[in-house]
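*Asks:* Got a structure for you, written out below as structure tokens; questions coming shortly.
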Amino acid sequence: MDPKSKKILLVEDEDFIRDLYVRQLTKAGFLVKSAVDGQSGLTMLKAEPFDLLLLDIMLPGMNGLQLLREFKTQNPNSPMITILLTNLGQEAVIKEGFELGAQAYLIKASYTPDQVVNEVKNALFGSQSPTPPQPAPTQ
Amino acid sequence: MKNLLLIKIILILSLGITLPLSVSLLLTGSPLLARNLVITALVGGVAVVICSVSSFIFLKPLRDLINSAKRFGEGNFNERVDIRSDDEFEEVGNYFNQMADKLSQTFQKLEKDTQTAIAEKNKLSEVLSSIVDGIIAVDFNKNIILINRAAEQITGYTEGELQGQKVDQLIHLFVDTEEILPKTYCQVNFTKAAKLIGKEGKQTRVNLTTAKVGETQQTTLSCILILHDLSKEEELERMKLDFVSMVSHELKTPLTSIIGYLSVFTNENKGKLPKEELDLIDRSFIAARELLILIQNILNVNKIEREEMSVSAEPMDYLPILSKTIEDLKNQANQKNIVLNLNIPEGSLPKVLADPVRMGEVLTNLLANAITYTNPGGKVEVITQLSPNEVTTVISDNGVGIPKEAIPHLFNKFFRVSNQTQRASKGTGLGLYIAKSIVEKLGGKIWVESEFGKGTRFSFTLPVATISSGVVDSSRFVGQEIQAGGLNY
């Protein structure tokens, strides 16, 4: 389990939240890159492979689902794990996210950054030790 | 029927023959033979001249008719003849004019009809191309006979590529993972949300509505497909949010940062700062989390009121949700020196049929209440009990308890227990109302046991997920919203 070998792309338009997640993920040892909107996120995805995508849904211009759709159409066999971040609770949107291949979604406000880092670790390496109990990726 | 022309011809001929003859007869009495010949020749010449001129005059109408007919035939539809020779030529002339009138009218009408048809066709084209939804018309052999611009955009094909082709060869429609074929969807009334795959794998989520058309004489039209692009609706989802939903989403954004930064600060400075100063941050964090619960409750009540509260029941691991909720409320409990425990039976918990986000909200509400209404030094425990079909969760505290008269009203909206302690004013009275709505929507029950001054036990059940129930129920909860194309906030 070596975080250093894993590359993560975070697409999030809120500066404070993005900076905080990048900070915590970097501290946990991951290689983190970030984008502030859908279009630049897609450009970065095309430029190099990532192991995990943390994707906000509500983005200016191209939203997270559109990004995911574009990416999956061109890269249907990509092994990249996608975790959706959102403060929305729209079931239909989330269901579409899963249909487009996302593995999990998190309600941003309900997860502290460290809990998000744990989710990322779970997604990449499988469940961690049983105590303290870790929240498993919600499906 | 006039016979005058005939009479005229006879007259002329007779004149031409008899005149020279008569004159020469009159003159044969004279022995001057040579003079007779000359005179006969002269008279004959005169007769010929008279005949020619007369024929010329008589046949003029015929010439007029020939010229007019020629010009009319060349396309000069205003051409008419004016023959007043008072004979058969005049009759022909009149009939010619009538025919010319009729033809002229017919041509004019034809031209007008053509113009109208072109105008109608243009109007139809304009209307079709301005319709936002894609329209594809298909004949009995499933060949595409009409397509509008929106359909071109959705499918990725041009009209040229689609015209005349079989619709199911170029355009594929999937509901979940199954393809649906024209024989399925070309029915009287068919509406379904589907995934459309067009040119080169272009995917679009659409709401497909079809109408089967009866056979008419002039067309071979059989079926019309209307493709409503759902992906656009997702782009416009912000605008479709009602005020409360939008506000609560906006409120959560800065709150996420507040909770996030405070939590990270606390974790990184636990050993470095004195407890008193850490406490300043800790309390800010707790207050922010309370604010989050409030916002979630407001949003949920709004949803319930508008009957838009839906749950996505899926088989899920229950333990992680329980642990996370307890972890989230540890700060609050610690602040009041309340012990917060999770008590689960030995072995693992089975999967339950529930919605992780909603369950989180229910547990958070109940636990937060327990902590609020328990005095410092008290104890709050979360216990789970297993039975064959359900998992019962009990949140038990040794707090202030609930007066007996309040118990029947506890789950009502805005109900708050009024008692002498100052805690009564806290809260909006929404938490239990929401918890009840969610639990019942998931097929569970919720109830309370309490003794005033001793403590309270809130209990609710969740169905255990079996393989078949998982599949059936989750489509029941989620399917309709998706199929109707309606988004749910």
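Just so you know, all these numbers are worked out from the coordinates, no wet-lab data involved. Computed from a predicted structure; not experimentally measured. Quick reminder, even Gly has a Cβ in these numbers, built from the backbone with ideal geometry, and neighbours come from all protein chains shown.
*Asks:* Counting only other residues whose beta carbon sits under 14 Å from that of B:Asn67, what net charge do I get with K and R as +1, D and E as -1?
*Replies:* Residues close to B:Asn67 contribute a combined charge of +1.
*Asks:* Continuing with the same structure: Going by a ≥ b ≥ c, the root eigenvalues of the Cα gyration tensor, does the stretch B:260-356 fall in the rounded group (a/c under 1.5), the prolate group (a/b larger than b/c) or the oblate group?
*Replies:* It comes out oblate by the Cα gyration axes.
*Asks:* Just to check I understand the Karplus step: with θ = phi - 60° and J = 6.51 cos²θ - 1.76 cosθ + 1.60, what whole-Hz values come out for the stretch A:100-117, glycine and proline as x?
*Replies:* Each residue's phi maps through the Karplus curve to give 7, x, 5, 8, 7, 9, 10, 7, 3, 5, 8, 10, 6, x, 5, 5, 5, 4 Hz.
*Asks:* Evaluate peptide A:16-29: per residue, the Cβ atoms of other protein chains within 10 Å of its Cβ; return the mean as an integer.
*Replies:* The per-residue average across the peptide is 2.
*Asks:* Averaging sequence separations of C-alpha pairs under 8 Å and six or more residues apart, then dividing by the length of chain A, give the relative contact order as a whole percent.
*Replies:* It comes to 21 percent, rounded to a whole number.
*Asks:* Could you calculate the FRET efficiency of B:Ser125 with A:Phe98 from 1/(1 + (r/R0)^6), where r is the beta carbon distance between them and R0 is 35 Å, rounded to 0.05?
*Replies:* Efficiency computed from Cβ-Cβ geometry: 0.30.
*Asks:* Here is a follow-up. Can you pull out the trypsin sites (Lys or Arg not before Pro) in the stretch B:83-145 that DSSP calls coil and that have at most 11 other Cβ atoms within 10 Å?
*Replies:* Passing sites in the stretch B:83-145 are B:Arg84.
*Asks:* If you don't mind, there's one more thing I want to ask. For the stretch B:32-183: lysine pairs with Cα atoms under 30 Å, gap of 8 or more or different chains, count?
*Replies:* Pairs that pass both the separation and distance tests number 19.
*Asks:* I need the calculated FRET efficiency for the pair B:Asn267 and B:Glu440, taking r as the beta carbon distance and R₀ as 60 Å, to the nearest 0.05.
*Replies:* 0.95
*Asks:* How do B:Asp87, B:Asp82 line up, fewest other C-beta atoms within 10 Å first?
*Replies:* If I rank by nearby Cβ atoms, fewest first, I get B:Asp82, B:Asp87.
*Asks:* Counting Lys and Arg as +1 and Asp and Glu as -1, what is the net charge of the other residues whose Cβ lies under 14 Å from the Cβ of B:Ser129?
*Replies:* Taking every Cβ under 14 Å from that of B:Ser129, the sum is -1.
*Asks:* Going by the alpha-carbon gyration tensor, a ≥ b ≥ c the square roots of its eigenvalues, is chain A rounded (a/c under 1.5) or, if a/c is not under 1.5, prolate (a/b greater than b/c) versus oblate?
*Replies:* Because its axes are fairly even, with a/c under 1.5, chain A counts as rounded.
*Asks:* Further, regarding this structure: Taking H placed 1.01 Å from N in the peptide plane, check which residues at least 5 places from B:Ile338 or on another chain put their amide H under 5 Å from its amide H.
*Replies:* B:Gly377
*Asks:* Multiply the residue separation of B:Ile407 and B:Val49 by 0.36 nm, subtract the distance between their alpha-carbon atoms, and state the gained length in nm to one decimal.
*Replies:* Extra length available between B:Ile407 and B:Val49 comes to 115.3 nm.
*Asks:* Roughly how crowded by other chains is peptide A:109-121, in terms of the mean Cβ count from those chains within 10 Å of each of its Cβ atoms?
*Replies:* Taking all residues of A:109-121 together, the mean is 5.
*Asks:* Shifting gears a bit: How far, in nm, would the chain grow between B:Ile224 and B:Phe56 when pulled straight, counting 0.36 nm per residue and subtracting the alpha carbon separation?
*Replies:* 53.4 nm
*Asks:* I'd like the FRET efficiency for B:Arg80 and B:Asn189, computed as 1/(1 + (r/R0)^6) with the beta carbon distance as r and R0 of 45 Å, rounded to 0.05.
*Replies:* It comes to 0.15.
*Asks:* Another question, if that's okay. My understanding is that a pair violates if its Cα-Cα distance is over 19 Å; which of A:Lys7/A:Lys27; A:Lys6/A:Lys27; A:Lys4/A:Lys121; A:Lys6/A:Lys108; A:Lys7/B:Lys270; B:Lys324/B:Lys454 do that in this structure?
*Replies:* Pairs exceeding 19 Å: A:Lys6/A:Lys108; A:Lys7/B:Lys270; B:Lys324/B:Lys454.
*Asks:* In the neighborhood of A:Val11, defined by Cβ-to-Cβ distances under 12 Å, what is the net charge if each Lys or Arg adds +1 and each Asp or Glu adds -1?
*Replies:* -3
*Asks:* Rank these for me by crowding, B:Glu390, B:Glu91, B:Glu276, going from fewest to most other beta carbons within 10 Å.
*Replies:* Lowest to highest Cβ neighbour count: B:Glu276, B:Glu91, B:Glu390.
*Asks:* Could you pull out every residue, at least 5 positions away or on a different chain, whose amide H is within less than 5 Å of the one on B:Val391? Hs are placed 1.01 Å off N in the peptide plane, and Pro or chain starts have none.
*Replies:* Amide H to amide H, under 5 Å and 5 or more residues apart or across chains, B:Val391 pairs with B:Leu462, B:Val464.
*Asks:* Another question about this same structure. Shape call for the stretch B:61-106 from the C-alpha gyration tensor, a ≥ b ≥ c root eigenvalues: rounded (a/c under 1.5), prolate (a/b greater than b/c) or oblate?
*Replies:* oblate
*Asks:* Give the lysines whose C-alpha is closer than 17 Å to that of B:Lys441, dropping any in the same chain fewer than 8 places away, or say none.
*Replies:* Candidates past the 8-residue exclusion: B:Lys303, B:Lys413.
*Asks:* Now, a different point. Counting other beta carbons within 10 Å of each residue's own, what order do B:Val247, B:Val38 fall into, fewest first?
*Replies:* With the sparsest Cβ surroundings first, the list reads B:Val38, B:Val247.
*Asks:* Give me, ordered by chain and number, the residues 5 or more places off B:Ala193 or on other chains with an amide H under 5 Å from its own placed amide H.
*Replies:* HN-HN under 5 Å from B:Ala193: B:Leu208.
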